[in-house]
Each structure stands twice: as C-alpha cells, then as structure tokens.
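First the structure, in the form of structure tokens, and then the observations on it.
The values are calculated or read from the model by the stated rules, or taken from the named source; none is laboratory data. Keep in mind that this is a model prediction, so the values were computed, not measured. Glycine also receives a Cβ, built like all others from the backbone with ideal geometry; neighbour counts cover every protein chain displayed.
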C-alpha cells in the first residue's frame, strides 16, 4: 500500500521537478513566458483541487478520488505531449496540477490504516519525495530535454502515471463500508473557496509582475475577498460545511495555515529561487550551468531529505509533530542566516545547502506536510488537509512575488538581503508555530474508532 501511495505521489511530483532543466526548450517552442505560465496554472490547479477534492474524499472514498486524479493526470500529460500551442499545453498542466491532492490523500489513508512509528516513518517516506527523487529527476529531465526535447519528459511521465493507476488499483485498499462521512458534499462552499484561493494566487502572481494596483490584479483580489466573505456566510448555514469556520478559528488550525504560508514564502524561496540565482548568475554569482547547479546545490539537499525525513517522521510520532515543526523552523532560520553570511563563498554554500536539506526539507517540511492531517478534527478529516495544502501554493506564489524584484537586480548585496529577509520571515513563522495548539494524534484503528 505504501509503495503504491509513493508511486502516486511521484507521478505528480515529477511533473513539478523534471521540467526545470527544459526551461529554454519550452520557451523556444511555445513562446516567451510559457514556462512561467505553465508553472503558475499547474500550482494554481493544485491549490484549488486540494481544498475541494480532499474534502470530497470524505464522502466518496480516498481510493476513488486518488485513482480519478491519476487518470486526469494521464489525460493532461497526453495533452502536453501532443499539444503544439500554449493553450492546449496549459489545459494539460491544469489537469496535472490537480493531482497535487495525492499527498494529502496518501497521509489520510496512512493515518486510517497505520499505527505508531510505522505511520511516522511512512509519512516521512512520502514527504521525502516532496523535493524530488534525490536530485535524479532534475538530472534526468535535463538529459531528456537536451537530447530529445521537453515532450520526451512528458512521455516518461505518462508511463509513470499509468503505472501509478495500475499499482494503486491493485495495492491501495478499498474504502471500508461505513467509513465515509455522512451528509452531502458542500459544492457551493467548494466553488466559493476555489474562487477565493484562485483569486488570491492570481493576484499575487499578477501583482508581482504587472504591479499590485494593475486593473487585473485588483480584479483578482476583489473576487477573492468577495468569495471568501460569502464562504463564511454560507458555511454557517449548511449541515456539513466544506470548512468548519469555528474550527478554522481555533488555535489547532489557523496558526498552522499562517505558518505554512510564511514557511513557503521564505525557506522554499531559498532553495527554489535565491540559491539557484546565486549559482547561475554570470556576473555576481558563480556562473554555473543548470546541470552543475543541480549536482552541487540541489542534489545534496534532496539526498539528505531522503535520508532524514523517515527518521523525523518516526521521531514526530513520539514527541509530537508540532514540536518537530518548531524545531525545524529554528534550524531553518539558523541555516538561512548562515547562507546570508556566506553568500559569496561557494564551498560554504554547498555545505550549508546540505544542512538546509536536513533543517527545512527533512524536518520542517515533513512535519508541516503531515500536520494538516494530524490537526484535523476526527469527524471531518479531509477539511484541514486541503486548506493546509493550498497554503503551500499561496506561500510559494507570495515568496516569488516579493523575492523576484530584489533578487532580479543580480548583485551580491541583493542576494544577501533576500536571504536575510527569508530568515526574518522565518522568525515570524516561528512565532505563529508557538501559538499552534497540538491535537492528540490518533492513527490506524484508533482513528477509525474515533470516526465511528
């Protein structure tokens, strides 16, 4: 079962990590700005799908939703292989992005069927895929793009997606009778929160590029505010709300959402943008090519994450995921501060990125990914994970929006300044994590019994 869940997660994750080295090939064929557009709509679809489909799985079953999104991923990948225009490829990327829910579904399935240390270790195994497969995916993506073009990457991903469906059909247990939540799915709430999340992410993306006061950016934020305001009104009037407003107000929920956004807007930007800019900038950076950058800076962090995440998952079951979350943030702040100090030292940056792979990817990200499940109320286990996972996309978009104007100047001072800002945002995130109130963890048979 766990192997099938890992394969499902890999089917999605490789669509995020393997395309980076194909940046120039994609822009050459589909036009300037096409890579950014493909990434924006990919993560936007994932954010919206998370808040809707994970909650829907409470009603129709985890396995059904997982197999359904994997099938959608395969259709989307086929469009990316065959599409010769950007709109067709974007449609495919939207379908692929919806498969982001495999992470949340995997954690929920394991929470319901595994116990104790086994649950923690397996959560760590799934989380270790979050940054890629030990860096091999980025290197393979570069090899395929250089020799056969970006479509060859999608052809490989299509094979993996089909394998994910086959193995998932066979190995993921069918949902037990009576496990589904009673009542009806709140589709009105789903539409409103989908509009709210989409409007917020598009506002951040558009505002960072065209200006926060541009007409289109203002339209997006108005749509988001109106939709989320109506959501609060609607959710108080339905029997089985998509989002329990009172629960979201509790210290067991809202501090996690805020801390997740801040972590993604700071620490994820360190590895996903700032360090890459330092490594590849020909003037103020080291001037490395993409392959060298991946080998020196990305692969060590991914390998360390792959080793430490399962161990951290097991430890978190014993001492609490919230405790591990706080410790990870402290470590991430410390390493980010050192990165800012040694931004000009190539050797130190390589060593520190390995440490960053442990502090953020191995510790913080492992706890943060699972907390959406462990902090959720037992009578609505799919309510918080979807919102928590959507916060990943919101935070990442926000991080690029603030960092791009600073890092884009391409000077040593701008690199250090951006890293210090990341550390400062991390300190604020730590404050919210201290407000977060842990919920007692129930897994396996205990969780199932509580739900009954």
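Every test in (1) at pLDDT below 85; (2) more than 15 Å from residue 343 (Cα to Cα) is passed by residue 305 save one, and that test is (1).
Residue by residue, here is whether (1) buried (at least 20 other Cβ atoms within 10 Å of the Cβ); (2) in a helix (DSSP H, G or I) holds:
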{"site": "201", "(1), (2)": "yes, yes"}
{"site": "206", "(1), (2)": "yes, yes"}
{"site": "212", "(1), (2)": "no, no"}
{"site": "217", "(1), (2)": "yes, yes"}
{"site": "223", "(1), (2)": "no, yes"}
{"site": "228", "(1), (2)": "no, yes"}
{"site": "231", "(1), (2)": "yes, yes"}
{"site": "243", "(1), (2)": "yes, no"}
{"site": "246", "(1), (2)": "no, yes"}
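Checked against the criterion of being outside any helix (DSSP H, G or I), surrounded by fewer than 24 Cβ atoms within 10 Å (Cβ to Cβ), in the same structural domain as residue 259 (by TED's automatic domain parsing) and in contact (Cβ under 8 Å) with a residue 60 or more places away in the chain, the candidates 405, 377 yield just one match: 377.
Look through 337, 332 and report the one residue that is buried (at least 22 other Cβ atoms within 10 Å of the Cβ), assigned by TED's automatic domain parsing to the domain that holds residue 432 and touching a residue at least 12 places away in the same chain (Cβ under 8 Å). Lay out the reasoning, then the answer.
On the way: 337 fails: buried (at least 22 other Cβ atoms within 10 Å of the Cβ).
The unique qualifying residue is 332.
Only one of the numbered conditions (1) surrounded by fewer than 24 Cβ atoms within 10 Å (Cβ to Cβ); (2) in contact with a helix residue (DSSP H, G or I) (Cβ under 7 Å, 6 or more places away or on another chain) is violated by residue 325, and that is (1). Tell me, please, whether a residue that is surrounded by fewer than 18 Cβ atoms within 10 Å (Cβ to Cβ), in the same structural domain as residue 355 (by TED's automatic domain parsing) and on the phi > 0 side of the Ramachandran plot can be found in region 273-292. Yes, region 273-292 has at least one match. Report yes if residue 146 is modelled with pLDDT under 90 and closer than 30 Å to residue 187 by Cα, otherwise no. The answer is no for residue 146. Out of the residues in region 182-193 meeting the condition of being in a helix (DSSP H, G or I) and surrounded by 20 or more Cβ atoms within 10 Å (Cβ to Cβ), tell me which one is modelled with the highest pLDDT. Checking each candidate, the answer is 192. If the condition is being over 27 Å from residue 373 (Cα atoms) and without any contact (Cβ under 8 Å) to a residue 24 or more places away in the chain, then region 157-167 contributes only 159. Contact map, region 215-244: residues that are over 18 Å from residue 184 (Cα atoms) paired with residues that are outside any helix (DSSP H, G or I), Cβ distance under 8 Å, separation 6+ or inter-chain. Pairs shown: 217/211. Answer with yes or no whether residue 350 is crowded, with 24+ Cβ neighbours inside 10 Å and either over 19 Å from residue 430 (Cβ atoms) or touching a helix residue (DSSP H, G or I) at 6+ places or on another chain (Cβ under 7 Å) (or both). When the stated conditions are applied, residue 350 does not pass them.
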